[in-house]
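The values are calculated or read from the model by the stated rules, or taken from the named source; none is laboratory data. In this text the structure is predicted, and so the values were computed from the model without any measurement. Here Cβ is always computed from backbone atoms with ideal geometry, including for glycine, and neighbour counts include all displayed protein chains.
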Amino acid sequence: MSKRVVLEASHAVAEAVKMADVDVVAAYPITPQTHIPERLAEMVANGELDAAYIPVESEHSAMSTVLGAAAVGARSFTTTAGQGLELMHEAVYVASSHRYPIVMAVCNRALSSPISIWCDHSDVMSCRDTGWIQVFCQNNQESFDMTLWAFRVGEDPGVMFPVMVNLDGFTLSHVTEPLMLPEQAEVDRFLPKYEYRLALRPEAPTSHGGFGLPEIYTEVKFSQEVALRASRTVLDKGWKEFADIFGREYKAVETYRADGAKTLLVTMGSLGETAKMVVDSKREKGEAVGHLNLRLWRPFPFADFREAVKGVDTLAVLDRCISFGGPGGPVCSELRAALYDVDNRPKVVGFIGGLGGREVDAETFAYMIDRGKEISEKGSEYLYEPVLVRGLETGTGVRG
Amino acid sequence: MARKELTNPADVAWQDVELGAVVTTPGSASVRRTGDWRTEQPVLHKEKCIKCGLCWLHCPDAAIIPLDDGYFEPDLYHCKGCGICAVICPKKAITMVEEVEQ
């Protein structure tokens, strides 16, 4: 039987890592991720978790260390945020290219400068094309659940990719709320022992990270691309098994009160909870409004997304990242691209907000719905509209 | 020296790439002909050689082979033609000669 506990999301992630019985943890503390490695170090020190906790001098070393651990077949975990993810960046690609199923929790944080320790999604968006499986969490329970799921699906022989579990810095990482913790026996049933066929060992030598001449590099990268997309079936299977054992259901694209909805608010991460509250109040007033939570960011769930927005007129998308000089927020741009060849597609209206920890409140979401509908009907000269920018006239935005 | 049969990377389709492009044949780098990167090749003048072995010691690609008679010869299958052996040789017993089309 699961038990109800009260934990902040950071400690929930640490519990999941412990219950996954990892072999190696290497991490460098950085706000707002600090509580995760701190708790894991404590667990290793007091004997709760039988793992090697390797303190490192930087995030680049943290990723490099878990790469080494993964090469010998160790179940490995690291975690970072914001600038730490950027310092780690080049090694992040190596994990997916080597097909090491490392799990990394990213407590999403804005990027310098100015220095900000607070949440937005600029950090992970720089990792969009690193080839990792990437999921977002809306609350503490999901932070626990996705971490456990990440080990299960990443290590599946049909996947073998690293998984990035994104949880909003502070909003989740430092917020305490109730969640259900499963029993170890249930976790063991969900997560089998990990076997890595190509692990470094003297009796069957292998070389990892070889030189790729021009005549082979393209084939290697294409095989990686095909494999990442093909992993989707296992990701879904993992969620199905999760639901069977733990009773909580997850999907790549999740909708809330979307039946008959003509307008959907689209979010990734913890703001989904606020958006759903606004949907409730709009529904009470009789408006055909729903919410779409994009849980899976990579591989992008094209078919699920197109299916979920059938019959919808307007998508009001909130991005927590600026793509400087680009076509709009990264999420908005990708949703537009996903719908380009679809007939009768909804109008995708882009908003950018919630940068560097700026609150996005219920009134702002309500405004996004109203403004989205207006733009859907009358059109707009703007690529996107930033919300809550002092000095910017409401209803204006950035031109292409 | 007998060369082990190895699949030419130019013949590998994407479906046949090993997981993570891991190399499962140990020592396979030795079968790669890096000698064709060369623009100059080392030529040994045996009469000047004093068998000191400095060329063998300094070669960054282990492409100087010690012989049973105490002399050394360049392994042109692997030698990339960097010229370190010619520079380090105290007797100028190795000279670098431009490669010519066969």
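Taking strands (runs of 3 or more DSSP E) as the structural unit, those lying wholly within chain B and holding at least 2 residues that are closer than 30 Å to A:PRO202 by Cα correspond to B:64-66. Does the range A:152-167 contain at least one residue that is farther than 21 Å from A:ALA95 by Cβ and among the acidic types (Asp, Glu)? No, because not a single residue in the range A:152-167 is farther than 21 Å from A:ALA95 by Cβ and among the acidic types (Asp, Glu). Look at (1) polar (S, T, N, Q); (2) within 20 Å of A:GLY209 (Cα to Cα); (3) more than 14 Å from chain A (Cβ to nearest Cβ) and you find that B:GLN41 fails only one, number (2). Checked against (1) surrounded by 17 or more Cβ atoms within 10 Å (Cβ to Cβ); (2) within 19 Å of A:VAL253 (Cβ to Cβ), A:SER323 passes all but a single condition, namely (2). Restricting attention to the range A:324-374, the residues that are assigned to a helix (DSSP H, G or I) and in contact (Cβ under 8 Å) with a residue 40 or more places away in the chain total 15.
Is it the case that some residue within the range A:90-100 is away from chain B (no Cβ under 14 Å) and surrounded by fewer than 24 Cβ atoms within 10 Å (Cβ to Cβ)? The answer is yes, given that some residue of the range A:90-100 is away from chain B (no Cβ under 14 Å) and surrounded by fewer than 24 Cβ atoms within 10 Å (Cβ to Cβ).
Annotation: A:MET88 fulfils all but one of (1) aliphatic (A, V, I, L, M); (2) in contact (Cβ under 8 Å) with a residue 40 or more places away in the chain; (3) within 25 Å of A:ASP129 (Cα to Cα); the unmet one is (2). Within the option set A:GLY131, A:GLY169, A:GLY158, being within 14 Å of chain B (Cβ to nearest Cβ) and touching a strand residue (DSSP E or B) at 6+ places or on another chain (Cβ under 9 Å) holds for one residue only, A:GLY131.
Would you check if A:ASP236 is charged (D, E, K, R), more than 23 Å from the chain's Cα centre (by Cα) and away from chain B (no Cβ under 14 Å)? In short, no. Taken across the range A:190-201, residues that are more than 11 Å from every other protein chain (Cβ to nearest Cβ), in a helix (DSSP H, G or I) and closer than 17 Å to A:VAL153 by Cβ do occur, with at least one present. Screening the candidates A:GLU219, A:GLU249, A:GLU215 for the property of being loosely packed, with under 13 Cβ neighbours inside 10 Å, free of Cβ contacts under 8 Å to residues at least 24 places away in the same chain, part of a helix (DSSP H, G or I) and touching a helix residue (DSSP H, G or I) at 6+ places or on another chain (Cβ under 7 Å) yields one hit, A:GLU215. Comparison of A:LEU265, A:LEU235, A:LEU198 shows that the only residue that is under 23 Å from A:VAL106 (Cα atoms), modelled with pLDDT of 95 or more and among the aliphatic types (A, V, I, L, M) is A:LEU235. Restricting attention to the range A:262-289, the residues that are outside any helix (DSSP H, G or I) and crowded, with 23+ Cβ neighbours inside 10 Å add up to 9. Filter the range A:272-330 for residues that are under 16 Å from A:PHE351 (Cα atoms) and among the polar types (S, T, N, Q) and give the result. Within the range A:272-330, A:THR274, A:ASN293, A:THR314, A:SER323 meet the criteria.
Before we move on, is A:GLY350 surrounded by 22 or more Cβ atoms within 10 Å (Cβ to Cβ) and of a type outside the set (A, V, I, L, M)? Yes, satisfied.
Taken across the range A:108-130, residues that are touching a residue at least 24 places away in the same chain (Cβ under 8 Å), aromatic (Phe, Trp, Tyr) and surrounded by fewer than 24 Cβ atoms within 10 Å (Cβ to Cβ) do occur, with at least one present.
Could you tell me whether A:GLU177 is among the acidic types (Asp, Glu), more than 25 Å from A:CYS107 (Cα to Cα) and either assigned to a loop (DSSP other than H, G, I, E, B) or away from chain B (no Cβ under 14 Å) (or both)? When the stated conditions are applied, A:GLU177 does not pass them. Is it true that B:GLU47 is more than 25 Å from A:GLY210 (Cα to Cα), within 13 Å of the chain's Cα centre (by Cα) and away from chain A (no Cβ under 12 Å)? No, not satisfied. Within the range A:262-272, can one find any residue that is in contact with a strand residue (DSSP E or B) (Cβ under 8 Å, 6 or more places away or on another chain) and farther than 23 Å from A:ARG283 by Cβ? Within the range A:262-272, none of the residues are in contact with a strand residue (DSSP E or B) (Cβ under 8 Å, 6 or more places away or on another chain) and farther than 23 Å from A:ARG283 by Cβ.
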